[in-house]
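Worksheet for the structure shown next.
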Amino acid sequence: MSNSIIETVQLCYEYTLGGEKTLRALDNVSLQITEGEYVCLIGPNGSGKSTLARHLNALLLPAAGDVYVDGLLTGEEKHRWEIRRRVGLVFQNPDNQIVATTVEEDVAFGLENMGIDPPVIRRRVKEALELVGMSTLAQHAPHLLSGGQKQRVAIAGIIAMRPRCLVLDEPTAMLDPRGRREVLATISMLNRQEKVTVVHITHFMEETLEADRIIVMDRGKIACSGTPAEIFSGELDLESLGMDMPAIPALARALREGGLPVPPNTLDVDQLVDYLC
Amino acid sequence: MSGMRSITLGHYLPGNSILHRLDPRAKLMGLLILIAALFLIKTFSGFFYFGLFFVLTFVSSRLPWRYFMRGLKPVLYIVFFTLILHFLFTKGGQVFWRFGPLTIEENGVFLGSFMTLRLILLVITTLLVTLTTSPIAFADGIEFLLRPLRVFRVPGHEIAMMMTIALRFIPTLMEESDKIRKAQMARGADFESGNIFRRARNLVPLLVPLFVSAFRRADDLAVAMESRCYRGGDNRTKMRQQQVTCLDYLGVFTTCGIAAAIVLTGV
Ligand SMILES: Nc1ncnc2c1ncn2[C@@H]1O[C@H](COP(=O)(O)OP(=O)(O)OP(=O)(O)O)[C@@H](O)[C@H]1O
Ligand SMILES: [Mg+2]
C-alpha cells in the first residue's frame, strides 16, 4: 500500500432514518486508489457514490471498516485537518460552495483556514487561478460568473491548498455543454500536468472514457471495476444497473452483434474510423 | 421587483476620497467616538459645530448629495414620528398652541427638536461611513473591533463571517426569488393586486420555496466550508491585509480632538 493514496478496507456506512431504522449506504467497500490515477466512479442514483466521496476526506466516518488517506486513518481526530487538506472535495452545485464575495477571496478561503502567511496565500491564489484559466476574473463577484467558471473557481479553491487527491462529486451535472467541457479539460489537465490523483463521480458515461479506471457501484457495493475498454466492451450488462453505454462503444457493440468484428476496446470515433477504413 | 436587484447593503459608492481610503477600522473607531460625542452634547450650539464638522467631511467625500438624501429617506419617517410624539406628549413650560385636549408646550418643542437633531446627526454620520466603506471591508473592521470583546464571548469572527456569507448570497437568493416569482405567476399567482394584507398573504407561495432552498444552500455550504478546513476564527489568517497608515492615525486622533472640543464647548 506504499503508493496507494487512498485505501478503504471493508468500509460500511449506515444513515439513521429516525428512530431505529437505518439505511446501509455502503456495504463492505474495499478499494485502493494509486497516486496519480484518474478514477471514475459511476453507478445509479442512491448507489452510495456521494457517501463514499464524503468518507474520503473525513466528512463522514466509517460505521465499520477503515479509510486511509496517505496512510493516515480518517477516524483519528488528530489527522482530520491534514486529511482534508490532502483530499479536496468539489461538489455538484457550484453556487453552494463559493463562500466569499470575490473570486480571489474565495480561492484564498481554504488557505486562510489553514493559517498560511498572507503573502504565500496571494502567490498560491494567483497560481491556482492561472492553472484553471480564471486569472482575468480574479476580482469578479461569483454570482456574475457562468456555471463552468464558478465550478473552475471551486476547483481553484481546492487546488490552492495543494491536495494530493481531488474528489469531484458530479461537478458537471448542473452545467451546459460548454461549461462541462471547460471543467473536464481542467480536471484532466490537473491529472496529467500537475499529477493530482482524481476521483471523478459522474452520470455522463462519455466523461469516463479518459479515465485510467472505472469503478461501478450498485446498492452500496462495488459492482465491478476496470479500464474503460473493459467496462464498455459489451460483456457487462450496464443497462441492468440502469446505466447507458457511451455512444461509440454502444455502436461498436451493435456492429459486433450485426456480425462485424469490431475490437471490444473501441472507445472513441478515431479508433472506430481506424478500424472501419 | 426590478428595483430589488439594485439594492445593495449600505449602498456603498466606490470613490477615492480620503474618507474612502481610510482603513475601515479607523473609520469605525471614528464613528464610535462621534456617536459617543453626540450623546454627550447638551446644547444646540454643540449640534451646530457637529453639523459643521459633518458638512466639511461630507464635502470632502465627494458623495453626490442627491444619492445621500435618497439613503436617508426611510429614516426621515421615524425622525418625523419622534418629533410629533415629543411635541404632543412632552409637557411643561409655556403653552404655544391649544386645540381641545391637545397642547404643544415649550418643553415638548425644545426636547423634540433636540432629540430630532441628535437622531438626524446620528443617522447621517453613520450613513456617511457606510456609503464610503465597502461592505467586505466593513465586515473586516467589525471583526477587528469586536476582538477585545472575545473575553465576554462576543463571537466577532462569526459575526463577520455571517456578514460575508450574507453579502455573497443576497444576489443569488434575489435571482432565485425572481425565478420562483415568475414560476408562480405562470401558475396563476398574483403578486400585484389587492390591498397590503392581501399582497402579504400572496407572498407565501414565494417565500416558502425560497426558504426551503435557502436552508438547503446553507446545508451544502456548511459541508463545503468544513471540507475546506474551516474551523472558526482561531489560527485563521487573512489574505487581505489592511495596512494602517499615518492617515488612519491622523483621522482617528483628529476626530477624537474635534469630538472632545465640541462636547466641551457645550458644557
Ligand atoms: N443524509 C442522508 N440521510 C439519510 N439517507 C441518506 C442521506 N444521504 C444519502 N442517503 C441515502 O443513502 C443512499 C446512498 O446515497 P448517495 O447520496 O451516496 O448516493 P449517490 O450514489 O451519490 O446517488 P446520486 O447519483 O443520486 O448522487 C441513498 O439511498 C440515499 O437515499
Ligand atoms: Mg451523489
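Observations
- Filter result for residue A:220 (small (Gly, Ala, Ser), more than 15 Å from the chain's Cα centre (by Cα), modelled with pLDDT under 95 and within 16 Å of ligand 1 (Cβ to nearest atom)): yes
- Residue among A:248, A:231 that is farther than 19 Å from residue A:39 by Cα, touching a Ser or Thr at 6+ places or on another chain (Cβ under 9 Å) and of a type in the set (A, V, I, L, M, F, W, C): A:248
- Some residue of segment A:243-256 being acidic (Asp, Glu) and away from ligand 1 (no atom under 16 Å from the Cβ): no
- Residues being more than 14 Å from chain A (Cβ to nearest Cβ) and crowded, with 17+ Cβ neighbours inside 10 Å are entirely absent from segment B:157-175.
- Residue A:111 being more than 8 Å from every other protein chain (Cβ to nearest Cβ), modelled with pLDDT of 95 or more and crowded, with 24+ Cβ neighbours inside 10 Å: no
- Applying the criterion of being crowded, with 17+ Cβ neighbours inside 10 Å and of a type in the set (Asp, Glu) to the residues of segment B:214-259, the residue that is nearest to residue A:160 (Cα to Cα) is B:226.
- Strands (runs of 3 or more DSSP E) wholly inside segment A:38-102 containing at least 1 residues that are facing chain B (nearest Cβ under 9 Å): A:87-90
- Residues in segment A:15-41 that are closer than 27 Å to residue A:244 by Cβ, out of contact with any Asp or Glu (no Cβ under 7 Å at 6 or more places or on another chain) and near ligand 1 (Cβ under 9 Å from one of its atoms): A:26, A:41.
- Unmet requirement for residue B:154, which otherwise passes all of (1) part of a loop (DSSP other than H, G, I, E, B); (2) free of Cβ contacts under 8 Å to residues at least 24 places away in the same chain; (3) farther than 30 Å from residue A:110 by Cα: (3)
The values are calculated or read from the model by the stated rules, or taken from the named source; none is laboratory data. From a predicted model like this one, the values you see are computed outputs, not experimental measurements. In this analysis, Cβ positions are derived from the backbone assuming ideal geometry, glycine residues included, and neighbour counts consider all displayed protein chains.
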